[in-house]
Amino acid sequence: MIKKYWTLLLIFGVNLIFSQENNCDCINELNNTSELIENAKSYNYQIKRTNREAEFKKWKEEIKQEILNDSLSQFFCVGYLQKYISFIDDRHNEIYFVPDKIAKNVPSYSKIIDTISEMNDSISGIYFAGSDKILVKKENDSTWYGITLESNSNEWTKGKIRLRINKTADGNFELFEYHKNGLLFYQKNIEISKGRIHSTFWNKENEYFFNENHKENFTYKSVNPSFDYIGIKTLTRTHKLIKEADNFYDNYLDNLTKKKLIIDLRNNGGGSINQAKPLIKALKRNKAIQKIYVLINFKTASAAELTALSLKENERTILVGENSKGMLAYGYGNRSFSTKTNCSEFKVVLSTKRTNKKYRKYEYVGIKPNYNLDNNSDWIDQVINLEAKK
C-alpha cells in the first residue's frame, strides 16, 4: 500500500513539473522574452547604460496587465511581446511566429457583421489591401476590429479578424495586424488619415500609388526628355546580386545624362549600403544631373534608408514620398542573435551592432521626405508635376 502511494505521488509530481514546464501562456512567454531581450545591443545602450531597468520593469507589468485583461490574448500574444520590446527603439529586434495553419491561429469576430448601418467615426469603414477587403468596425471608445469580408485566400474566411486598432491612454493609436501569410505584427503611434491606415496597405479607395512592385532587382528607363529613372528593389549582398549590381552599374550609369533623375527605393527592405555605393559615387561625379529625386515609402528600411540619407548629402537630392520604416540605428553586423522562446517557440532575432548614433532619431519614426506625396495619383507623375511647378 505504501509502495503504491509513493508511486502515485511520484507520477503526480512528475506530471506537475511537466505541466509547469509546458505552461505556454502569454505571461510565461513575456517573462522569457524579458530575459532574452537583454542580449540585444540596443538593450545595453538604452536600458542598462542609462539605468532604466526599473522603468523597463514597470513597462513589463503594464504589458502583463493588458494581456490578463484581453480575452483574445492567446491570439495576440506575439503582438504583445513585440509591443513589450518596442519600449527599446530598435526595429531590428524582432519576435514573430509563422503558423502552419493560419485559420487556427487567427480569432473570429463573434458578433453579427453589419456593413449597412452608418458609421459615424472617421476610422470605421470598408478598407482594401490588394485582393482583400475588411470592415473596420468600432467596438468601443478605444477599440476597432478589422473583420475579413473578402479574400482570395481560403484561410481568410469571412469573419476572421485581420487587425485590431487601439486608442492608447495618451491619445495615440496602435495596431495589431495579421499579414496575409498569418504573421502578426504590432505597430505603435500609427496615423489614420485620408482614408488610409499608415503604415500599411489598407486604404478606403483601393489605390496603391505609394506602392511599387519592382519586377527586376535593378531597373533603368527613360521617363521623358527631362527625367531618367533607376529602381532598386533590394540591397542584399549575395554573390549573385553583387555581380548583378556591378553589371547594371557598368551598363547604365553612363546613360544618366538628363537633367533630372528619379531613384526609386520604395519597398526596398535593405541589405548593405555597399550595394549602392557605386551609384552614390557616380552621381557625385555626374555634373549633368541638376536634380535627384529619391522615392521612399513605409517599406523603405535599414540599408535602403542609409542609402537615402547618403544620397541626401548631395545638395541636388530631394527626398519625396512618405516616412520610411525607421530601422537604421542598429543592425545585425555579421550575425544576429537568434533563438526561440521556451514554450511557444516564437522566433527571436536581436540586434548585435550599433550604427552611427546620429541615426537614433529616425528609429521607429522614419526619414521624413522633403515633399510628401499623396495616394491620389502615380508618384512618378507627381514628381514630374512637382518639378514643373518650380
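The values are calculated or read from the model by the stated rules, or taken from the named source; none is laboratory data. What you are looking at is a predicted structure, and each value in this text was computed from that prediction instead of being measured. Quick reminder, even Gly has a Cβ in these numbers, built from the backbone with ideal geometry, and neighbours come from all protein chains shown. These area figures cover heavy atoms from the full protein model, side chains too; ligands, DNA and RNA do not enter into them. Shrake-Rupley method; radii C 1.70, N 1.55, O 1.52, S 1.80 Å.
Counting only strands (runs of 3 or more DSSP E) that sit wholly inside the stretch 241-357, those with at least 3 residues that are open to solvent by 30 Å² or more (accessible area, probe 1.4 Å) and over 24 Å from residue 199 (Cα atoms) are 337-340. All conditions in (1) among the acidic types (Asp, Glu); (2) open to solvent by less than 70 Å² (accessible area, probe 1.4 Å); (3) out of contact with any helix residue (DSSP H, G or I) (no Cβ under 7 Å at 6 or more places or on another chain) hold for residue 62, with the sole exception of (2).
Note on the stretch 80-112: among residues that are part of a strand (DSSP E or B) and under 16 Å from the mean Cα position of the chain (by Cα), the one that is farthest from residue 359 (Cα to Cα) is 96. Just one of the listed residues (158, 137) is in contact with a Phe, Trp or Tyr (Cβ under 6 Å, 6 or more places away or on another chain), modelled with pLDDT of 95 or more and either among the small types (Gly, Ala, Ser) or open to solvent by 40 Å² or more (accessible area, probe 1.4 Å) (or both), and it is 137.
Every residue in the stretch 69-117 that is of a type in the set (Lys, Arg) and in contact (Cβ under 8 Å) with a residue 24 or more places away in the chain, please. Residues satisfying the conditions are 83, 91, 101. Residues that are open to solvent by less than 20 Å² (accessible area, probe 1.4 Å) number at least 2 in the following strands (runs of 3 or more DSSP E) confined to the stretch 165-240: 173-178, 184-193, 196-198, 227-232. Does the stretch 125-133 contain at least one residue that is at positive phi and either touching a residue at least 12 places away in the same chain (Cβ under 8 Å) or of a type in the set (Phe, Trp, Tyr) (or both)? Within the stretch 125-133 (the criterion being at positive phi and either touching a residue at least 12 places away in the same chain (Cβ under 8 Å) or of a type in the set (Phe, Trp, Tyr) (or both)), the answer is yes, since at least one residue qualifies.
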